[in-house]
Amino acid sequence: MPSAYLIAFPLITSLISAIFLQTFDIADRSGYFYFVMKRYSLSIFLLLLAVFCQAQSTSNDRYTDSIQHIMNSPANDSIKAASAFHLSEYWVLKDTARAHKYLEQGYRYAKENNYLHAAYQYYKGFFLAKTYPEQGQSVLLKADTLLSRFPTKDAYRLRARVWHNYGVIRQHQDDHKVFADIILNKAIPMAKMAGDSAYIARNYLNLCIVFKNHQDFAKAAEYCRMAIQGFTRANADPEMIITAYYTAAENYSLWMKPRDASPLLDSAKAWLDRYPDVNEWIPYYKAEGMHYTVQFRYPEALHSLEKGLELARKKGDRYEEQSIIMQQFYVYYNQKDYNKALKAFQFLLQQPEIMTLQHNRLQLYYGMAETYVAMNRPGPAYEWLKRYSQLNDTIYESRLKTDINALEVKYNAAENKRQITALESEKKEAALKAKNTRLTIGLLIVVIVALLISSILAIVFYRSNKKLSAQKEINYQQQLREMTQQQQLIATRAMLDGEERERSRLSRDLHDGLGGMLSGIKMKLARQVADMQHLPAVHTLDDTIIQLDHSVDELRRIARNLMPESLLKFGLETAINDLCEGLSSQHTQIDFQYLVDQPVMPLVAQLNIYRIIQELLTNAIRHSAATSILLQCSRNGRQFFITVEDNGKGFDSTHAHSKPGIGLTSLHHRVDYLQGKIQINSTPNTGTTADVELLIPAE
């Protein structure tokens, strides 16, 4: 047998057993979380996703503790069911008792949820695939039937995993053709319908391994390339990317293209250096050992295999340890160190882990025969070759039975499909009736809602009109009051104007008429007194002249009060100042403060301000018995302010307007005339304060 073939054939068959461990969906968790996101609340999905992402970079114990925490939280039963299913999937290859416990918990939480019951069949099938493969096959097929009723991406994701794991069971039964057919025609199409690019790449990797093991290296290389691209685009788990790289390197090594294998091994090494805690170092060292073996670099190959062997023993991975020893056998054989090669295979023949798979036994039997031939020991060589032949025949018969069973399964599947089609037809008919019923009910609801909305709009319209009418009435009353006030203001203005004209006329008549006559009488009497100085009656005339002087002064004072001459000649400030001086006496002092820097204003305004101040001062002197009065005038724009304070006896201002006199009435009329307001504050024995605010008319 050629040396290269002796290297390649056993190395190919040694990898078949490893596929079972690589192809189960243990580490793939993305479908589960997508299911949670779509069917349950987004907030729970984000929580679980955060736990998942953390688990990828920390320990598995921390990851499972986080999922367990979700189950212990007050989440709804559906979320707890999904979490339990996921924990069951995680523990299948680690602790079957714990996996079964979580599986049953998930079933109890699922209750009446049809989708979760269908998902339960998948997780149950996954569990049985490890413990009872034949039962696992039927349960997985049942899961696919139940999940087919849900045309959602979630369901397609699970169905892709159903078929993938069903294919793994068939592959474990040495039916690699069926496995490849399932991956191509079932698992990949379902993953594409689910939009799960990472799982599509995972299945491409499985096809790469299948074709590599059957020495179709060109197809294997293409599928490995597609797997690497898919994992990279999907930002998949580093373990999957590393697995794709070293698998592609193994394919090129077996294809006798070590130069093409080197960059792939370098890429795998680069990823391993970035993630040193992943579990892919052992298969990497195996791939590196194979790479050196096909280049006849045996010492380097043994060095790499020793690294992998040491790591496998450290991790307690018995199967990986034995598969590396098997690979060491071929290095020893090609070095012609037959004693070490024979010792390695004799050790492996006693190990149950590697002897479980038929292809491993075939490889060991054939290797023992070849070793004895090389050692020139034909007797033992014949016995081992005979064992190899018998086992090979048994495998052929098993495959024949498997093909017959496959035909039976296809027939049963077709029959089940026919029954399912009939049930689906009945279901569609019932769904159509239900849809029509819902449509009728919906139409009635629409009519009722429309009537309700119309009634509500009518009520709203009525209330709006009612409010509008009330508002119009309020506006009308307000306009009426404003018109009444305007009429009163016009009447007041006319009255005050007439009063002032009458005062002005009386002032002129008294001053020019009666005043002149009295002055003439005084002058005549004065001349007569001068001529009659020697007569006794002259003293009587002097008294008459004095009384006449007083009468003239009083006449002039009355005339000034009727129309102050200083206001017309010198302005408001001078007139008020004269008024204060005229009203001041030895018993009453008036302090006048004029704080106005805009003296110009209409005469009618000045006259009314003068009359208001005159009335306030007169009341303060006449009624309060005040000894001190403060008068202050100020202006801000068109606003004119008057303040009169006295220290008199005061009065109860709450009763001040019960019976107003003529003076107060005139005062309020003048304030209203200038669109102002007046406030009088007083309490007994504390004095009185009057504040007036007026609006100066525009020029």
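Rounded to the nearest Å, what's the spacing between the alpha carbon centres of the stretch 244-258 and the stretch 115-179? Just the number, please. Centre-to-centre distance over Cα atoms comes out at 31 Å.
Dipole of the stretch 570-695 computed with +1 at Lys/Arg Cβ and -1 at Asp/Glu Cβ about the Cα centre; of C633, T654, I612, farthest Cα towards the positive end is T654. With each label point set 7 Å from Cα along the Cα-Cβ vector, what nm distance links Q335 and Q486? With each label point 7 Å from Cα toward Cβ, the separation is 12.2 nm. The phi-based Karplus calculation (6.51 cos²θ - 1.76 cosθ + 1.60; θ = phi - 60°) puts the 3J(HN,Hα) values of the stretch 423-439 at 5, 5, 4, 4, 5, 5, 5, 5, 5, 5, 4, 4, 5, 5, 4, 4, 5 Hz, whole numbers, x for Gly and Pro. Under a 5 Å amide H cut-off, with hydrogens placed 1.01 Å from N, R635 pairs with D597, F641 among residues at least 5 apart or on other chains. Counted residue by residue at 0.36 nm each, then reduced by the alpha carbon distance between them, the extension gain from Q135 to E104 reaches 9.5 nm.
The ranking of R611, R259 from fewest to most other beta carbons within 10 Å of each one's beta carbon is R259, R611.
Applying 1/(1 + (r/R0)^6) with r as the Cβ-Cβ distance of K427 and L452 and R0 = 35 angstrom yields a FRET efficiency of 0.45. At an R0 of 25 angstrom, the distance between the Cβ atoms of A374 and H303 translates into a FRET efficiency of 0.55. Dipole magnitude for the stretch 570-695: computed about the Cα centre from +1 point charges on Lys and Arg Cβ and -1 point charges on Asp and Glu Cβ, it is near 340 debye. Note on K417: lysines with a C-alpha under 25 Å away, same-chain residues under 8 apart excluded, are K124, K142, K153, K177, K186, K192, K401, K427, K428, K433. The label point for D273 and the one for T689, both projected 7 Å from the Cα toward the Cβ, are 9.2 nm apart. Rounded to the nearest 5, what % of DSSP beta bridges with both residues in the stretch 570-695 are antiparallel? The antiparallel fraction comes to roughly 75 percent.
Highest mean packing first, where packing is the average number of other Cβ atoms within 10 Å per residue, the peptides 194-203, 681-690, 123-132, 585-594 line up as 194-203, 123-132, 681-690, 585-594. Return the FRET efficiency for the residue pair K677, S464: r is the Cβ-Cβ distance, R0 is 51 Å, and the value is rounded to the nearest 0.05. The formula returns an efficiency of 0.85 here. Does the stretch 307-398 come out rounded, prolate or oblate, given a ≥ b ≥ c as the square roots of the eigenvalues of its C-alpha gyration tensor, rounded meaning a/c under 1.5 and, failing that, prolate meaning a/b above b/c? Since a/c reaches 1.5 but b/c is at least a/b, the shape of the stretch 307-398 is classed as oblate. Between Q350 and L525, the distance separating the two model label sites (each 7 Å from Cα on the Cα→Cβ line) works out to 16.8 nm.
In plain terms, the chain from D260 to K472 could stretch by 66.9 nm, reckoned as 0.36 nm per residue minus the Cα-Cα distance. The alpha carbon centroids of the stretch 602-659 and the stretch 83-111 are separated by 98 Å.
Computed from phi, the 3J(HN,Hα) profile of the stretch 183-191 under the Karplus parametrisation 6.51, -1.76, 1.60 (θ = phi - 60°) reads 4, 6, 9, 10, 5, 5, x, 5, 5 Hz, with x in place of Gly and Pro.
A viscosity of 1.567 mPa s and a temperature of 4 °C, combined with the Kirkwood radius over Cα pairs in Stokes-Einstein, give a translational diffusion coefficient for the stretch 589-699 of 90 µm²/s. Once the chain from D65 to T96 is taken as fully extended at 0.36 nm per residue, the excess over their C-alpha distance is 9.4 nm.
Taken together, the values in this text are just the output of simple stated rules run on the coordinates, not laboratory data. Just so it is clear, the model here is predicted, and its values are computed rather than measured. In this analysis, Cβ positions are derived from the backbone assuming ideal geometry, glycine residues included, and neighbour counts consider all displayed protein chains.
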